[in-house]
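One structure is given here, and the rest of the page talks about it.
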Amino acid sequence: MKSRYDVLVIGGGPAGALAAQTAVEKGLSACIVEKRPAIGSPVRCAEGIGKEALTEFIDPDPTWISAEMTGATIVAPDGFVMQLSSKMAGGKVGYVLDRKIFDRELVWRAADAGADVAVKSRAAAPIMENGVVKGAKIDHAGKMTSVRAEVVIAADGVESKFAKWCGIDTTVPVREIMSGVQYVMTGIDIDPESTVFYLGNEVAPEGYLWVFPKGPKSANVGIGISGKKSGEGHRAKDYLDKYVKKTFPKGKTIEYIPGGVSVCRPLECTVADGLMLTGDAARVVDPLTGGGIYNAMFTGKLAAQTAADCIGKGDVSKKALMAYDKAWRASKMGKTIDRNYHIKEYLIKQPDEKLNEIIHSVSKIDMTEFTTLNLVKEIIRVNPKLVLELGALAASLR
(Lines give C-alpha, C1' and ligand atoms only; values in the text may rest on other atoms or scores of the structure.)
Protein backbone atom coordinates (compact mmCIF):
# COMPACT_ATOMS: atom_id res chain seq x y z
CA MET A 1 0.00 0.00 0.00
CA LYS A 2 1.44 3.30 -1.14
CA SER A 3 1.00 6.66 0.57
CA ARG A 4 -0.88 8.23 -2.37
CA TYR A 5 -3.36 7.10 -5.03
CA ASP A 6 -5.69 8.74 -7.48
CA VAL A 7 -8.57 6.71 -6.03
CA LEU A 8 -8.79 5.11 -2.61
CA VAL A 9 -11.63 2.58 -2.28
CA ILE A 10 -12.95 1.77 1.19
CA GLY A 11 -14.40 -1.77 1.09
CA GLY A 12 -13.69 -4.89 -0.95
CA GLY A 13 -17.21 -5.98 -1.89
CA PRO A 14 -18.70 -5.86 -5.42
CA ALA A 15 -18.99 -2.04 -5.37
CA GLY A 16 -15.40 -1.55 -4.27
CA ALA A 17 -14.02 -4.17 -6.66
CA LEU A 18 -15.77 -2.67 -9.70
CA ALA A 19 -14.74 0.83 -8.66
CA ALA A 20 -11.07 -0.11 -8.37
CA GLN A 21 -11.01 -2.15 -11.58
CA THR A 22 -12.70 0.62 -13.55
CA ALA A 23 -10.39 3.25 -12.11
CA VAL A 24 -7.20 1.49 -13.18
CA GLU A 25 -8.69 0.69 -16.58
CA LYS A 26 -9.19 4.45 -16.93
CA GLY A 27 -5.50 5.00 -16.28
CA LEU A 28 -5.70 5.87 -12.59
CA SER A 29 -3.88 4.40 -9.63
CA ALA A 30 -6.22 2.77 -7.13
CA CYS A 31 -6.17 0.81 -3.89
CA ILE A 32 -8.86 -1.25 -2.15
CA VAL A 33 -8.71 -1.36 1.64
CA GLU A 34 -10.82 -4.08 3.27
CA LYS A 35 -11.22 -4.32 7.04
CA ARG A 36 -11.72 -8.09 7.07
CA PRO A 37 -8.80 -10.51 6.73
CA ALA A 38 -10.44 -12.32 3.79
CA ILE A 39 -12.40 -10.98 0.83
CA GLY A 40 -15.97 -12.33 0.60
CA SER A 41 -16.20 -13.63 4.14
CA PRO A 42 -18.43 -13.65 6.04
CA VAL A 43 -21.27 -13.77 3.51
CA ARG A 44 -24.15 -11.46 4.47
CA CYS A 45 -26.40 -11.92 1.49
CA ALA A 46 -28.97 -14.33 0.05
CA GLU A 47 -26.63 -14.46 -3.00
CA GLY A 48 -29.30 -14.20 -5.69
CA ILE A 49 -28.96 -12.09 -8.85
CA GLY A 50 -30.73 -11.95 -12.19
CA LYS A 51 -29.00 -13.44 -15.21
CA GLU A 52 -28.99 -10.28 -17.32
CA ALA A 53 -27.95 -8.18 -14.34
CA LEU A 54 -24.89 -10.34 -13.77
CA THR A 55 -23.79 -10.60 -17.38
CA GLU A 56 -23.77 -6.82 -17.71
CA PHE A 57 -20.52 -6.90 -15.73
CA ILE A 58 -19.05 -10.39 -15.89
CA ASP A 59 -19.52 -13.67 -17.75
CA PRO A 60 -20.94 -16.47 -15.56
CA ASP A 61 -18.43 -19.00 -14.28
CA PRO A 62 -19.40 -22.37 -12.75
CA THR A 63 -16.75 -21.93 -10.07
CA TRP A 64 -18.80 -19.24 -8.33
CA ILE A 65 -22.35 -20.15 -9.35
CA SER A 66 -24.01 -22.45 -6.84
CA ALA A 67 -27.24 -22.94 -8.77
CA GLU A 68 -29.10 -21.71 -11.84
CA MET A 69 -32.75 -20.84 -11.31
CA THR A 70 -35.46 -21.54 -13.90
CA GLY A 71 -38.50 -20.65 -11.84
CA ALA A 72 -39.83 -19.08 -8.68
CA THR A 73 -42.51 -19.85 -6.12
CA ILE A 74 -44.49 -17.38 -4.02
CA VAL A 75 -46.34 -18.73 -1.00
CA ALA A 76 -49.25 -16.62 0.23
CA PRO A 77 -50.02 -16.16 3.93
CA ASP A 78 -52.82 -18.75 3.66
CA GLY A 79 -50.42 -21.32 2.19
CA PHE A 80 -51.59 -20.93 -1.42
CA VAL A 81 -48.68 -21.60 -3.78
CA MET A 82 -48.14 -19.48 -6.88
CA GLN A 83 -45.72 -21.07 -9.32
CA LEU A 84 -43.73 -19.02 -11.81
CA SER A 85 -42.45 -21.73 -14.12
CA SER A 86 -39.61 -21.30 -16.59
CA LYS A 87 -42.14 -20.55 -19.32
CA MET A 88 -44.00 -18.00 -17.22
CA ALA A 89 -40.76 -16.45 -16.07
CA GLY A 90 -39.55 -16.04 -19.63
CA GLY A 91 -36.65 -18.47 -19.33
CA LYS A 92 -33.77 -18.45 -16.91
CA VAL A 93 -34.53 -16.07 -14.05
CA GLY A 94 -31.14 -15.93 -12.40
CA TYR A 95 -28.35 -17.45 -10.35
CA VAL A 96 -27.56 -18.15 -6.74
CA LEU A 97 -23.90 -17.26 -6.32
CA ASP A 98 -21.18 -18.42 -4.01
CA ARG A 99 -20.26 -14.97 -2.73
CA LYS A 100 -17.09 -16.14 -1.01
CA ILE A 101 -15.67 -17.09 -4.39
CA PHE A 102 -17.50 -14.47 -6.47
CA ASP A 103 -16.31 -11.49 -4.42
CA ARG A 104 -12.74 -12.75 -4.55
CA GLU A 105 -12.99 -13.13 -8.31
CA LEU A 106 -14.05 -9.51 -8.64
CA VAL A 107 -11.18 -8.30 -6.45
CA TRP A 108 -8.70 -10.53 -8.30
CA ARG A 109 -9.81 -8.91 -11.54
CA ALA A 110 -9.24 -5.49 -10.04
CA ALA A 111 -5.80 -6.58 -8.83
CA ASP A 112 -4.93 -8.10 -12.22
CA ALA A 113 -5.90 -4.81 -13.85
CA GLY A 114 -3.39 -3.02 -11.62
CA ALA A 115 -5.15 -2.05 -8.39
CA ASP A 116 -3.46 -2.54 -5.03
CA VAL A 117 -5.37 -4.50 -2.38
CA ALA A 118 -4.88 -4.35 1.37
CA VAL A 119 -6.87 -6.68 3.62
CA LYS A 120 -7.15 -6.41 7.40
CA SER A 121 -6.93 -2.68 6.75
CA ARG A 122 -9.53 -0.55 8.46
CA ALA A 123 -10.26 3.06 7.51
CA ALA A 124 -9.95 4.75 10.92
CA ALA A 125 -10.64 8.35 9.91
CA PRO A 126 -10.80 10.59 6.84
CA ILE A 127 -8.05 13.03 6.01
CA MET A 128 -9.82 16.39 5.74
CA GLU A 129 -8.48 19.71 4.52
CA ASN A 130 -10.79 22.73 4.53
CA GLY A 131 -13.80 20.42 4.40
CA VAL A 132 -12.45 18.41 1.47
CA VAL A 133 -11.78 14.65 1.75
CA LYS A 134 -8.15 14.05 0.83
CA GLY A 135 -7.72 10.41 1.77
CA ALA A 136 -7.91 8.29 4.90
CA LYS A 137 -5.94 7.13 7.88
CA ILE A 138 -5.69 3.36 7.57
CA ASP A 139 -5.08 0.92 10.41
CA HIS A 140 -3.17 -1.71 8.47
CA ALA A 141 -2.50 -4.81 10.58
CA GLY A 142 -2.11 -2.67 13.68
CA LYS A 143 -0.03 0.08 12.11
CA MET A 144 -1.58 3.48 11.33
CA THR A 145 -0.81 4.81 7.86
CA SER A 146 -1.98 7.95 6.08
CA VAL A 147 -3.08 7.32 2.49
CA ARG A 148 -3.88 10.39 0.42
CA ALA A 149 -6.09 10.33 -2.67
CA GLU A 150 -7.71 12.64 -5.18
CA VAL A 151 -11.03 10.84 -4.64
CA VAL A 152 -12.16 8.44 -1.94
CA ILE A 153 -14.93 6.00 -2.89
CA ALA A 154 -16.80 4.68 0.15
CA ALA A 155 -17.99 1.15 -0.54
CA ASP A 156 -18.07 -0.02 3.06
CA GLY A 157 -21.56 -1.47 3.17
CA VAL A 158 -24.70 -0.93 5.18
CA GLU A 159 -22.68 -0.18 8.32
CA SER A 160 -20.72 2.55 6.49
CA LYS A 161 -18.90 4.70 9.00
CA PHE A 162 -16.58 6.54 6.65
CA ALA A 163 -19.27 8.75 5.12
CA LYS A 164 -20.56 9.63 8.60
CA TRP A 165 -17.07 10.65 9.67
CA CYS A 166 -17.00 12.94 6.64
CA GLY A 167 -20.15 14.71 7.82
CA ILE A 168 -22.81 12.87 5.80
CA ASP A 169 -25.93 11.75 7.64
CA THR A 170 -26.30 8.05 6.85
CA THR A 171 -28.92 7.29 9.51
CA VAL A 172 -31.59 4.78 8.52
CA PRO A 173 -34.93 4.77 10.40
CA VAL A 174 -35.46 1.58 12.45
CA ARG A 175 -38.62 0.76 10.47
CA GLU A 176 -36.54 0.78 7.29
CA ILE A 177 -33.81 -1.54 8.49
CA MET A 178 -34.64 -5.12 7.62
CA SER A 179 -33.48 -7.35 10.46
CA GLY A 180 -32.23 -10.52 8.85
CA VAL A 181 -30.97 -14.00 9.65
CA GLN A 182 -29.91 -16.67 7.20
CA TYR A 183 -28.94 -20.31 7.62
CA VAL A 184 -26.97 -22.26 5.06
CA MET A 185 -28.69 -25.63 5.28
CA THR A 186 -28.05 -29.06 3.86
CA GLY A 187 -29.95 -32.33 3.85
CA ILE A 188 -33.23 -30.62 2.94
CA ASP A 189 -35.85 -31.52 0.34
CA ILE A 190 -36.17 -28.63 -2.15
CA ASP A 191 -36.65 -27.90 -5.83
CA PRO A 192 -33.02 -27.17 -6.78
CA GLU A 193 -34.01 -24.88 -9.67
CA SER A 194 -36.62 -22.66 -8.03
CA THR A 195 -36.42 -19.89 -5.47
CA VAL A 196 -39.20 -19.76 -2.89
CA PHE A 197 -40.62 -16.66 -1.19
CA TYR A 198 -43.02 -16.78 1.78
CA LEU A 199 -45.18 -13.77 2.59
CA GLY A 200 -47.37 -12.98 5.56
CA ASN A 201 -47.31 -11.19 8.89
CA GLU A 202 -47.29 -14.50 10.76
CA VAL A 203 -44.32 -15.73 8.74
CA ALA A 204 -42.24 -12.58 8.22
CA PRO A 205 -43.89 -9.33 9.38
CA GLU A 206 -43.32 -6.53 6.86
CA GLY A 207 -40.77 -8.68 5.06
CA TYR A 208 -40.41 -12.14 3.59
CA LEU A 209 -38.80 -15.51 4.11
CA TRP A 210 -36.75 -17.12 1.35
CA VAL A 211 -35.26 -20.41 0.24
CA PHE A 212 -32.50 -19.98 -2.36
CA PRO A 213 -31.12 -23.33 -3.57
CA LYS A 214 -27.38 -23.88 -3.60
CA GLY A 215 -27.52 -27.46 -4.84
CA PRO A 216 -29.82 -30.52 -4.87
CA LYS A 217 -30.14 -30.70 -1.09
CA SER A 218 -28.72 -27.37 0.10
CA ALA A 219 -30.00 -23.81 0.28
CA ASN A 220 -29.78 -20.39 1.83
CA VAL A 221 -32.81 -20.30 4.11
CA GLY A 222 -33.34 -16.83 5.46
CA ILE A 223 -35.70 -14.14 6.60
CA GLY A 224 -35.93 -10.38 6.73
CA ILE A 225 -38.44 -8.52 8.88
CA SER A 226 -39.00 -4.87 9.68
CA GLY A 227 -36.74 -3.59 12.44
CA LYS A 228 -39.75 -2.14 14.24
CA LYS A 229 -41.31 -5.63 14.39
CA SER A 230 -38.26 -7.18 15.98
CA GLY A 231 -38.35 -7.75 19.72
CA GLU A 232 -37.96 -10.32 22.46
CA GLY A 233 -39.60 -13.53 21.25
CA HIS A 234 -40.33 -11.96 17.87
CA ARG A 235 -36.86 -11.65 16.42
CA ALA A 236 -36.04 -12.60 12.85
CA LYS A 237 -34.29 -15.70 14.20
CA ASP A 238 -37.42 -16.72 16.13
CA TYR A 239 -39.56 -16.61 12.99
CA LEU A 240 -36.91 -18.46 10.98
CA ASP A 241 -36.45 -21.17 13.60
CA LYS A 242 -40.20 -21.75 13.66
CA TYR A 243 -40.24 -22.20 9.87
CA VAL A 244 -37.17 -24.46 9.80
CA LYS A 245 -38.51 -26.69 12.58
CA LYS A 246 -41.74 -27.20 10.66
CA THR A 247 -40.42 -27.42 7.10
CA PHE A 248 -36.92 -28.91 7.40
CA PRO A 249 -36.93 -30.83 10.70
CA LYS A 250 -34.10 -33.12 9.59
CA GLY A 251 -32.05 -30.40 7.90
CA LYS A 252 -28.59 -29.48 9.14
CA THR A 253 -27.47 -25.88 9.57
CA ILE A 254 -23.83 -25.44 8.61
CA GLU A 255 -23.65 -21.66 8.74
CA TYR A 256 -25.46 -18.91 10.67
CA ILE A 257 -25.49 -15.40 9.24
CA PRO A 258 -27.15 -12.47 11.05
CA GLY A 259 -27.28 -8.96 9.62
CA GLY A 260 -29.27 -5.94 8.59
CA VAL A 261 -30.28 -4.49 5.22
CA SER A 262 -31.52 -0.96 4.57
CA VAL A 263 -34.80 -0.82 2.64
CA CYS A 264 -35.09 2.95 2.68
CA ARG A 265 -34.72 5.60 0.03
CA PRO A 266 -31.13 6.28 -1.09
CA LEU A 267 -29.20 9.04 0.64
CA GLU A 268 -30.26 12.53 -0.41
CA CYS A 269 -26.79 13.07 -1.86
CA THR A 270 -24.10 10.47 -2.52
CA VAL A 271 -21.12 12.77 -3.08
CA ALA A 272 -19.12 15.41 -1.22
CA ASP A 273 -15.89 17.24 -1.96
CA GLY A 274 -13.45 14.45 -2.79
CA LEU A 275 -15.87 11.71 -1.75
CA MET A 276 -18.32 9.34 -3.48
CA LEU A 277 -20.62 6.75 -1.92
CA THR A 278 -21.56 3.48 -3.62
CA GLY A 279 -23.60 0.33 -3.04
CA ASP A 280 -25.07 -0.28 0.42
CA ALA A 281 -23.14 2.71 1.79
CA ALA A 282 -25.21 4.93 -0.52
CA ARG A 283 -28.39 3.07 0.49
CA VAL A 284 -29.09 1.96 -3.08
CA VAL A 285 -30.33 -1.52 -2.11
CA ASP A 286 -33.60 -2.45 -3.81
CA PRO A 287 -36.11 -1.53 -1.07
CA LEU A 288 -38.63 -4.14 -2.23
CA THR A 289 -36.39 -7.20 -2.40
CA GLY A 290 -33.38 -6.17 -0.31
CA GLY A 291 -31.15 -7.22 -3.23
CA GLY A 292 -28.01 -5.18 -3.76
CA ILE A 293 -25.36 -7.01 -5.78
CA TYR A 294 -26.22 -5.45 -9.14
CA ASN A 295 -26.75 -1.99 -7.68
CA ALA A 296 -23.39 -2.20 -5.94
CA MET A 297 -21.54 -3.13 -9.12
CA PHE A 298 -23.41 -0.51 -11.15
CA THR A 299 -22.67 2.36 -8.77
CA GLY A 300 -19.08 1.20 -8.18
CA LYS A 301 -18.30 1.25 -11.89
CA LEU A 302 -20.13 4.53 -12.50
CA ALA A 303 -18.40 6.22 -9.56
CA ALA A 304 -14.97 5.32 -10.90
CA GLN A 305 -15.86 6.50 -14.40
CA THR A 306 -16.98 9.84 -13.01
CA ALA A 307 -13.92 10.08 -10.77
CA ALA A 308 -11.67 9.55 -13.78
CA ASP A 309 -13.40 12.32 -15.70
CA CYS A 310 -13.21 14.74 -12.78
CA ILE A 311 -9.58 13.95 -11.92
CA GLY A 312 -8.69 14.44 -15.57
CA LYS A 313 -10.26 17.90 -15.47
CA GLY A 314 -8.59 18.75 -12.16
CA ASP A 315 -11.87 19.24 -10.33
CA VAL A 316 -13.06 16.79 -7.68
CA SER A 317 -15.41 19.17 -5.92
CA LYS A 318 -18.88 18.12 -4.86
CA LYS A 319 -20.29 20.10 -7.77
CA ALA A 320 -18.16 18.19 -10.27
CA LEU A 321 -18.76 14.77 -8.69
CA MET A 322 -22.54 15.41 -8.72
CA ALA A 323 -22.46 14.05 -12.27
CA TYR A 324 -22.31 10.61 -10.65
CA ASP A 325 -25.24 11.27 -8.32
CA LYS A 326 -27.40 12.60 -11.14
CA ALA A 327 -26.44 9.75 -13.49
CA TRP A 328 -27.37 6.85 -11.22
CA ARG A 329 -30.65 8.50 -10.19
CA ALA A 330 -31.59 8.97 -13.86
CA SER A 331 -30.61 5.39 -14.74
CA LYS A 332 -32.94 2.41 -14.96
CA MET A 333 -31.53 1.29 -11.61
CA GLY A 334 -32.34 4.61 -9.95
CA LYS A 335 -35.88 4.66 -11.32
CA THR A 336 -36.42 1.06 -10.19
CA ILE A 337 -35.34 1.91 -6.64
CA ASP A 338 -37.78 4.82 -6.53
CA ARG A 339 -40.66 2.74 -7.90
CA ASN A 340 -39.95 -0.27 -5.69
CA TYR A 341 -39.80 1.91 -2.59
CA HIS A 342 -43.40 2.99 -3.18
CA ILE A 343 -44.48 -0.60 -3.87
CA LYS A 344 -42.76 -1.78 -0.69
CA GLU A 345 -44.43 0.92 1.37
CA TYR A 346 -47.81 -0.15 0.01
CA LEU A 347 -47.33 -3.88 0.56
CA ILE A 348 -46.04 -3.72 4.14
CA LYS A 349 -49.24 -1.97 5.18
CA GLN A 350 -51.50 -4.72 3.83
CA PRO A 351 -53.13 -7.33 6.06
CA ASP A 352 -52.65 -11.00 5.21
CA GLU A 353 -56.16 -11.15 3.74
CA LYS A 354 -55.22 -8.54 1.15
CA LEU A 355 -51.97 -10.30 0.28
CA ASN A 356 -53.89 -13.55 -0.18
CA GLU A 357 -56.34 -11.82 -2.51
CA ILE A 358 -53.56 -10.34 -4.64
CA ILE A 359 -51.57 -13.57 -4.96
CA HIS A 360 -54.62 -15.70 -5.73
CA SER A 361 -55.72 -13.27 -8.44
CA VAL A 362 -52.43 -13.35 -10.33
CA SER A 363 -51.65 -17.05 -9.90
CA LYS A 364 -52.38 -17.84 -13.54
CA ILE A 365 -50.71 -14.91 -15.22
CA ASP A 366 -48.57 -15.58 -18.28
CA MET A 367 -45.77 -13.09 -18.76
CA THR A 368 -43.34 -13.17 -21.65
CA GLU A 369 -40.69 -11.80 -19.29
CA PHE A 370 -40.69 -12.06 -15.51
CA THR A 371 -39.60 -8.84 -13.83
CA THR A 372 -40.80 -7.05 -10.73
CA LEU A 373 -42.24 -4.33 -12.96
CA ASN A 374 -44.16 -6.77 -15.15
CA LEU A 375 -45.44 -8.64 -12.10
CA VAL A 376 -46.76 -5.43 -10.54
CA LYS A 377 -48.36 -4.42 -13.84
CA GLU A 378 -50.17 -7.77 -13.95
CA ILE A 379 -51.28 -7.42 -10.34
CA ILE A 380 -52.80 -4.03 -11.17
CA ARG A 381 -54.39 -5.37 -14.34
CA VAL A 382 -56.26 -8.13 -12.54
CA ASN A 383 -56.93 -5.98 -9.48
CA PRO A 384 -58.29 -2.72 -10.96
CA LYS A 385 -59.13 -1.38 -7.50
CA LEU A 386 -55.40 -1.12 -6.77
CA VAL A 387 -55.18 1.77 -9.22
CA LEU A 388 -56.96 3.96 -6.69
CA GLU A 389 -54.93 2.61 -3.76
CA LEU A 390 -51.56 3.05 -5.47
CA GLY A 391 -52.49 6.41 -6.98
CA ALA A 392 -49.88 8.08 -9.18
CA LEU A 393 -47.54 5.09 -8.93
CA ALA A 394 -50.10 2.81 -10.59
CA ALA A 395 -50.67 5.33 -13.36
CA SER A 396 -46.94 5.48 -14.08
CA LEU A 397 -46.79 1.69 -14.52
CA ARG A 398 -49.56 1.44 -17.09
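When the residues of the stretch 1-28 are filtered to those that are aliphatic (A, V, I, L, M) and part of a loop (DSSP other than H, G, I, E, B), which remaining residue is surrounded by the fewest Cβ atoms within 10 Å (Cβ to Cβ)? Even if it seems obvious, please write down each step before you answer.
Taking the stretch 1-28 first, the residues aliphatic (A, V, I, L, M) are 1, 7-10, 15, 17-20, 23-24, 28.
From what's left, part of a loop (DSSP other than H, G, I, E, B): 1, 28.
Working: M1: 15, L28: 22.
Checking each candidate, the answer is M1.
Tell me which residues, restricted to the stretch 198-231, are on the phi < 0 side of the Ramachandran plot, of a type in the set (G, A, S) and touching a helix residue (DSSP H, G or I) at 6+ places or on another chain (Cβ under 9 Å).
Passing the criteria: A204, G207, G222, G224, S226, G227, S230.
Restrict the check to the stretch 311-318 and report whether at least one residue is touching a strand residue (DSSP E or B) at 6+ places or on another chain (Cβ under 6 Å) and surrounded by fewer than 18 Cβ atoms within 10 Å (Cβ to Cβ). Working first, answer last.
Going through the stretch 311-318, the residues touching a strand residue (DSSP E or B) at 6+ places or on another chain (Cβ under 6 Å) turn out to be 311, 316, 318.
This time we only want the ones that are surrounded by fewer than 18 Cβ atoms within 10 Å (Cβ to Cβ), so: 318.
So far as the stretch 311-318 goes, yes, one or more of its residues are touching a strand residue (DSSP E or B) at 6+ places or on another chain (Cβ under 6 Å) and surrounded by fewer than 18 Cβ atoms within 10 Å (Cβ to Cβ).
Evaluate the stretch 273-280: report whether one residue or more is touching a strand residue (DSSP E or B) at 6+ places or on another chain (Cβ under 7 Å) and surrounded by fewer than 16 Cβ atoms within 10 Å (Cβ to Cβ).
Within the stretch 273-280, not a single residue is touching a strand residue (DSSP E or B) at 6+ places or on another chain (Cβ under 7 Å) and surrounded by fewer than 16 Cβ atoms within 10 Å (Cβ to Cβ).
Could you please find all residues in the stretch 29-65 being surrounded by fewer than 17 Cβ atoms within 10 Å (Cβ to Cβ) and either outside any loop (DSSP other than H, G, I, E, B) or of a type in the set (A, V, I, L, M) (or both)?
A38, K51, E52, T55, I58, P62, T63
If you take the residues in the stretch 129-183 that are over 15 Å from the mean Cα position of the chain (by Cα) and acidic (D, E), which one is surrounded by the most Cβ atoms within 10 Å (Cβ to Cβ)?
Here the residue is E150.
If V196 satisfies all but one of (1) assigned to a strand (DSSP E or B); (2) open to solvent by less than 20 Å² (accessible area, probe 1.4 Å); (3) in contact with a Leu (Cβ under 9 Å, 6 or more places away or on another chain); (4) among the hydrophobic types (A, V, I, L, M, F, W, C), what's the number of the condition it fails?
Condition (2) is where V196 drops out.
Kindly indicate the residue of the stretch 66-90 that is open to solvent by less than 20 Å² (accessible area, probe 1.4 Å) and out of contact with any helix residue (DSSP H, G or I) (no Cβ under 8 Å at 6 or more places or on another chain) and also modelled with the lowest pLDDT among those meeting that condition.
We begin by selecting, within the stretch 66-90, every residue open to solvent by less than 20 Å² (accessible area, probe 1.4 Å); these are 67, 69, 71-73, 75-76, 82, 84, 89.
Checking the rest, the ones that are also out of contact with any helix residue (DSSP H, G or I) (no Cβ under 8 Å at 6 or more places or on another chain) come to 67, 69, 71-73, 75, 84, 89.
Numbers: A67: 94, M69: 90, G71: 84, A72: 85, T73: 89, V75: 95, L84: 76, A89: 51.
Top of the filtered list is A89.
Scan the stretch 138-168 for residues that are part of a strand (DSSP E or B), under 13 Å from K35 (Cβ atoms) and either of a type outside the set (A, V, I, L, M) or out of contact with any helix residue (DSSP H, G or I) (no Cβ under 8 Å at 6 or more places or on another chain) (or both) and jot them down. Spell out how you get there, then give the answer.
Step one: of the stretch 138-168, the residues part of a strand (DSSP E or B) are 138-140, 143-154.
Still in the list and also under 13 Å from K35 (Cβ atoms): 138-140, 154.
I138, D139, H140 - these are the residues of the stretch 138-168 that are part of a strand (DSSP E or B), under 13 Å from K35 (Cβ atoms) and either of a type outside the set (A, V, I, L, M) or out of contact with any helix residue (DSSP H, G or I) (no Cβ under 8 Å at 6 or more places or on another chain) (or both).
In the stretch 360-377, which residue that is more than 25 Å from the chain's Cα centre (by Cα) and at pLDDT 70 or above is most open to solvent (accessible area, probe 1.4 Å)?
The initial filter retains those residues of the stretch 360-377 that are more than 25 Å from the chain's Cα centre (by Cα), namely 360-368.
In the following step, the residues that additionally are at pLDDT 70 or above were identified as 360-363.
Working: H360: 77, S361: 46, V362: 3, S363: 27 Å².
Here the residue is H360.
Mind checking which residues of the stretch 209-252 are open to solvent by 70 Å² or more (accessible area, probe 1.4 Å), within 30 Å of T70 (Cβ to Cβ) and outside any loop (DSSP other than H, G, I, E, B)?
To start, the set of residues in the stretch 209-252 that are open to solvent by 70 Å² or more (accessible area, probe 1.4 Å) comprises 216-217, 228-229, 232, 234-235, 242, 245-246, 249-250, 252.
Adding the requirement that they be within 30 Å of T70 (Cβ to Cβ) leaves 216-217, 242, 245-246, 249-250, 252.
Within the stretch 209-252, K242, K245, K246, K252 meet the criteria.
The values are calculated or read from the model by the stated rules, or taken from the named source; none is laboratory data. From a predicted model like this one, the values you see are computed outputs, not experimental measurements. A quick note on method: Cβ atoms are made from the backbone with ideal geometry, for glycine too, and the neighbour counts reach across all protein chains shown. Just so you know, the surface numbers come from the protein's heavy atoms only, side chains and all, with ligands and any DNA or RNA stripped out. Shrake-Rupley method; radii C 1.70, N 1.55, O 1.52, S 1.80 Å.
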